[in-house]
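> Quick one: structure below, then a few questions.
Derivation of every value follows stated rules applied to the coordinates shown; laboratory data play no part. Worth saying up front: this structure is predicted, and the values here are computed from it rather than measured. Note that each Cβ is placed from the backbone with ideal geometry, even for glycine, and that neighbours are counted across all protein chains shown.
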């Protein structure tokens, strides 16, 4: 894992930001809050539609994980969740937090005492450091709701809007 790593982002969060066309939030987060990285086995899966060039543009560094880390990720819950567990294993071994929009990964990280941010928490964090205006943040939240209203419900978005008001 690259030195100075702070935040590992999973495929769900990357895809959500891409679908909402809000990758600039990841870029601002990486520049002003902490380095964002993704394991190569997550970034290079056949399901990943976010191209490497876009990841670079967003400031996300792709890195190879060790065979040992890959084996540990497989042992945790089998090959089905090996990509998610790669983020967990690396965060546990190397330190750092995981950024996700996956409830199961969040629970697994908490069980291993790993700090987790919901994908939309990135929006709040970049507003806190003045790298994004509240108005633009509201637009980002609306984009997430538009692209996936089932997951990014009215109540969830309202909660983040309340957080923005308190900044």
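> Given only helices, namely DSSP H runs of n ≥ 4 each adding -39500 (n - 2.57), what is the per-residue ellipticity at 222 nm of the chain, to the nearest 500 deg cm²/dmol?
-16500 deg cm²/dmol
> Would you mind ranking 109, 87 so that the residue whose beta carbon has the fewest other beta carbons within 10 Å leads the list?
109, 87
> Rounded to the nearest 0.05, what FRET efficiency do residue 121 and residue 158 have when you use their Cβ-Cβ distance and R0 = 22 Å?
It comes out at approximately 0.90.
> Can I ask one more? According to a simple spin-label model (label point 7 Å from Cα along Cα-to-Cβ), what is the distance in nm between residue 31 and residue 147?
1.9
> Okay, moving on. For P(r) over Cα pairs in 10 Å bins from 0, in percent, several values are listed as [x] 9, 29, 28, 14, 8, 7, 4, 1, 0; [y] 11, 41, 36, 12, 1; [z] 10, 28, 22, 16, 13, 8, 3, 0; flag the one computed from this structure.
So the structure-derived entry is [y].
> Whole Å is fine, so just give me how far the alpha carbon centre of region 31-75 lies from that of region 145-160.
Between the Cα centre of region 31-75 and that of region 145-160, the gap is 26 Å.
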